[in-house]
Amino acid sequence: MSRSRWLPNQHGAWAMLAVPFLAGTFLGHPGLAHLPLLAAWLLGYLAVHHGQQWLRLTRVSRNPKAPRRHVRPALTFGAGALACGLPLAAPRPWLLLAAACAVPFVAVNSLYAYRNRERALWNGLAAVVPACAMVPVALRLGGGSWASGVAPALACLLYFAGTVPYVKTMIRERNSRAYYRGSVAYHALALALVPLLSPWLAIPFALYLTRAVVLPGRGLRVGVVGAVEVVGSVVLLGVVVGVF
């Protein structure tokens, strides 16, 4: 299998994986322990991705060899995640509990993959929750408290949950007025809620609402859509680390 097949072609997922983790890391005290946690987190994601693709292809592919190409990456990445994570969790058993909390969401994503409905709205929203939960995990590893990670995690959750319907209005559901109205309504609600976490969050979330209103229907290329979201993610990271 080529290297391109080992790494999923899901560019938006990397921002969702990185920003909450980095936010939690820099809100606490960054240390060497964050490196194996990051490795376990990313390798675990890759292992789950290939496991879910194996599930999907066992049902939809007529070629019995098609699912097999995901077995080796799933086992390799899974072994790497365990090798990085277990030594870190041995003196910190709370990390195992945190990992267990992600299992129901992974199960939902796996069910959608098996049904070949990975692009479903609820599947995307289910993936956002454990990603944003990495804020308090990384923060706790750096000596912070669980409570101090709640507000920044919610800020990340409000942003990344909004990217799910918004990106659909730009690509797969670009002709759907229902998706457009739902996306705008969600971003308006998020803008109303974030001042409860920090008044400063109203600034980036006003920008997110503006892009949800203005950009759909303008025929932007996929690369441009992705670049806008990268900028939005970086802005979120900066504001979250700055205000919390």
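The values are calculated or read from the model by the stated rules, or taken from the named source; none is laboratory data. Computed from a predicted model, the values in this text were never measured in an experiment. Positions of Cβ are generated from backbone atoms using ideal geometry, with glycine treated the same way; all protein chains shown enter the neighbour counts. Surface accessibility is based on the protein's heavy atoms, side chains included, excluding ligands, DNA and RNA. Shrake-Rupley method; radii C 1.70, N 1.55, O 1.52, S 1.80 Å.
Some values worked out for this structure:
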item: Criterion: among the small types (Gly, Ala, Ser), surrounded by fewer than 17 Cβ atoms within 10 Å (Cβ to Cβ) and within 18 Å of Pro20 (Cα to Cα) - qualifying residue of Gly217, Gly232, Gly242, Gly223; result: Gly242
item: Check on Arg68, touching a residue at least 40 places away in the same chain (Cβ under 8 Å), farther than 25 Å from Cys156 by Cβ and surrounded by 13 or more Cβ atoms within 10 Å (Cβ to Cβ); result: no
item: Odd one out for Leu189 among (1) open to solvent by less than 60 Å² (accessible area, probe 1.4 Å); (2) within 21 Å of the chain's Cα centre (by Cα); result: (1)
item: Of all residues making up segment 141-175, the number that are over 27 Å from Thr210 (Cα atoms), free of Cβ contacts under 8 Å to residues at least 12 places away in the same chain and not small (Gly, Ala, Ser); result: 1
item: Those residues of segment 23-45 which are within 28 Å of Ala113 (Cβ to Cβ) and either crowded, with 20+ Cβ neighbours inside 10 Å or without any contact (Cβ under 8 Å) to a residue 24 or more places away in the chain (or both), in sequence order; result: Ala23, Gly24, Leu37, Leu38, Ala40, Trp41, Leu43, Gly44, Tyr45
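Okay, residues lined up against (1) of a type in the set (S, T, N, Q); (2) in contact with an Asp or Glu (Cβ under 7 Å, 6 or more places away or on another chain); (3) surrounded by fewer than 18 Cβ atoms within 10 Å (Cβ to Cβ):
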{"site": "Leu7", "(1), (2), (3)": "no, no, yes"}
{"site": "Phe21", "(1), (2), (3)": "no, no, no"}
{"site": "Gln52", "(1), (2), (3)": "yes, no, no"}
{"site": "Leu55", "(1), (2), (3)": "no, no, no"}
{"site": "Ala79", "(1), (2), (3)": "no, no, yes"}
{"site": "Leu86", "(1), (2), (3)": "no, no, yes"}
{"site": "Pro91", "(1), (2), (3)": "no, no, yes"}
{"site": "Leu97", "(1), (2), (3)": "no, no, yes"}
